[in-house]
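Please treat every number below as a calculation from the coordinates, not as lab data. Note that the coordinates shown come from a computational prediction; the quantities given were computed from them, not determined experimentally. When we count neighbours, we look across all protein chains shown, and the Cβ atoms used for this are built from the backbone with ideal geometry, even at glycine.
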Amino acid sequence: MRYRTGFLRDPAPLFYDDLLPDRSSKGRVVLVHGGCFTGACYLNTPDDRLGWAHAFLAHNYGVLVPDWPGTGRSAAIPPDKVTGELVCEAIGRLLDACDGDVVLLVHSMSGPFGFRLVETHGDRIKALIAVAPGPPGNIQPEPVVLAETNHDLEIQGTASRWRIPKRGLWWPTESFARDKMIGSSVRFPFKAFDPFYRQLVALPAGLLSERQNVHGSQLRVHDPARFPGKPVLVLTGDRDTDHSRAADAATADWLVTLGADVTFRFLDDPIYKGNGHVLMGEDNSDAIAELIIAWLDERA
């Protein structure tokens, strides 16, 4: 393996890990983390096994692992300036810097980022893998605003109630990590909860409001011209608290209406049953990576 780091300054700070296999590469996979994570979630699992980045490397894919602007090693920007649009612009700049087409993998809160990037950079993205993706603003309902002040707001989301600051950072609590991120998973390595929780990071408050579609703020796809025929895998664990079969099937169905070539895998078959939200960190993460890579290789 050859390893280096890179950094883009415009339109926002973007740090990334760049991993290349020793043998000839099949092309690059860009692994984009979800909310409260950094790209580190793809490098190692909470119980210190090699992460998905290394699985792709073993199959001769080069791997790019960015941290969102405002997050992790890309945090050199005030959180109130970070929006989903800015995150997409920065990752789009990374895609522009790549030689050839890439595979884009997004998780959770990055789901709408992936859809927007297909809209803007679909000519550079040969396939999209959406792991437990948040829905786009095109289909996500607005939450009920229960209370709002100059400093924060309280909403009722589809699965839970949230209190979100209007500025600054939102910090994930231990109960959030246990109840939302792990939830009813039986695949999470529970002895590794402490290192898992310590690697979580604060989230720019505006991004959380967008994720919940407060006042219709979630990213939308406006021009679907680059979706027809685009291979898309939507992949969801059967024990994911916020991602029921119906919820993620609705996202998959929406992608079908745009013309994408969609595969929806809800992991309730016996060899995968029991997964929650953090698929890249659970005890069968290697098997899930192999499932993803097999799907991708079939479309090479």
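Given the chain, report the % of alpha carbon pairs whose separation exceeds 33 Å. Intermediate results must be reported in sequence, preceding the final value.
Numbers: 6989 of 44850 pairs.
Looking at the chain, the distances longer than 33 Å represent 16 percent of pairs.
Where does each of THR149, THR251, THR45, THR158 land when they are ranked from fewest to most other beta-carbon atoms within 10 angstrom? Present the calculation step by step, with values, prior to reporting the outcome.
On the way: THR149 8, THR251 27, THR45 22, THR158 13.
Fewest-to-most Cβ neighbours within 10 Å comes out as THR149, THR158, THR45, THR251.
So how do LYS166, LYS81 line up by other beta-carbon neighbours within 10 Å, fewest first? Don't jump to the answer; show the numbers that get you there.
Values: LYS166 15, LYS81 12.
Listed from fewest to most nearby Cβ atoms, that is LYS81, LYS166.
What's the extension gain from LYS273 to ALA225 if we count 0.36 nm per residue and subtract their Cα-Cα distance? Don't skip to the end; give the middle numbers.
Working: separation 48, 0.36 × 48 = 17.28 nm, distance 3.60 nm.
Extra length from LYS273 to ALA225 when fully extended: 13.7 nm.
Report the percentage of all Cα-Cα pairs in segment 9-82 whose separation exceeds 19 Å, rounded to a whole percent. Numbers along the way, then the final one.
Numbers: 1058 of 2701 pairs.
Taking all Cα-Cα pairs of segment 9-82, the fraction more than 19 Å apart is 39 percent.
Note down the Stokes-Einstein diffusion coefficient of segment 172-300 in µm²/s, whole number, using a Kirkwood radius over alpha carbon pairs, 37 °C, and 0.692 mPa s. Before the final figure, lay out each step's value.
Values: Rh = 16.5 Å.
The diffusion coefficient I find is 199 µm²/s.
Sort VAL234, VAL201 so that the residue with the fewest other Cβ atoms within 10 Å of its own Cβ comes first and the one with the most comes last. Numbers along the way, then the final one.
Working: VAL234 24, VAL201 20.
Ordered from fewest to most neighbouring Cβ atoms within 10 Å, VAL234, VAL201 come out as VAL201, VAL234.
For segment 228-278 and segment 66-144, what is the centre-to-centre distance using only Cα atoms, to the nearest Å?
18
How high is the FRET efficiency between ASP179 and LYS81 when r is their beta carbon distance and R₀ equals 30 Å, given to the nearest 0.05? All intermediate terms of the calculation are to be shown ahead of the outcome.
Working: r = 30 Å, r/R0 = 1.01.
Efficiency at R0 = 30 Å is approximately 0.50.
For ASP261, which sequence-distant residues (separation of 5 or more, or a different chain) have an amide H within less than 5 Å of its own amide H, given hydrogens modelled in the peptide plane?
Here the answer is GLY229, LYS230, VAL232, since their amide H atoms fall under 5 Å of that of ASP261.
DSSP loop chymotrypsin sites (Phe, Trp or Tyr not before Pro) in segment 214-300 with at most 14 other Cβ atoms within 10 Å of their Cβ, which ones? Mind showing how you got there, number by number?
On the way: sites: TRP254, PHE264, PHE266, TYR272, TRP295; in loops: TYR272.
Taking segment 214-300 and a limit of 14 other Cβ atoms within 10 Å, no loop chymotrypsin sites (Phe, Trp or Tyr not before Pro) are found.
What is the spin-label model distance, in nm, from ASN150 to LYS191 if the labels are put 7 Å beyond Cα along the C-beta direction?
5.3
Let's test the formula: R0 of 25 Å, r as the Cβ-Cβ distance of GLU142 and ARG167. What FRET efficiency results, to the nearest 0.05?
The value I calculate is 0.75.
Once you keep just the Cα pairs under 8 angstrom separated by 6 or more residues, what percentage relative contact order results for segment 184-288? Walk me through the intermediate numbers first.
On the way: 125 pairs, mean separation 38.3, N = 105.
The normalised contact order for segment 184-288 reaches 36 percent.
What are the ³J(HN,Hα) couplings of segment 186-202, residue after residue, when phi is run through the Karplus curve with 6.51, -1.76, 1.60 and θ = phi - 60°? Round to Hz, x for glycine and proline.
Listing the rounded values in order: 10, 9, 6, x, 4, 5, 9, 4, 4, x, 4, 5, 5, 8, 6, 10, 5 Hz.
At a 10 angstrom cut-off on C-beta neighbours, averaged per residue, how do the peptides 174-184, 112-122 rank from highest to lowest? Please list the in-between numbers first.
On the way: 174-184: 16.2, 112-122: 23.5.
With the highest mean Cβ count within 10 Å placed first, the list reads 112-122, 174-184.
Rounded to the nearest 0.05, what FRET efficiency is calculated for ASP22 and CYS98 with R0 set to 25 Å and r the Cβ-Cβ distance?
Values: r = 19 Å, r/R0 = 0.78.
Between ASP22 and CYS98 the formula returns 0.80.
Among rounded, prolate and oblate, which fits segment 195-249 when a ≥ b ≥ c are the square roots of the eigenvalues of its C-alpha gyration tensor, a/c under 1.5 means rounded, and a/b larger than b/c means prolate?
Working: a/c = 1.93, a/b = 1.27, b/c = 1.52.
Taking the square roots of the gyration eigenvalues as a ≥ b ≥ c, segment 195-249 is oblate.
How would segment 47-127 be classified by its alpha-carbon gyration tensor: rounded, prolate or oblate, with rounded meaning a/c under 1.5 and the a/b versus b/c comparison settling the rest? Please list the in-between numbers first.
Numbers: a/c = 1.92, a/b = 1.20, b/c = 1.60.
Oblate is the answer for segment 47-127, as a/c is 1.5 or above yet b/c matches or exceeds a/b.
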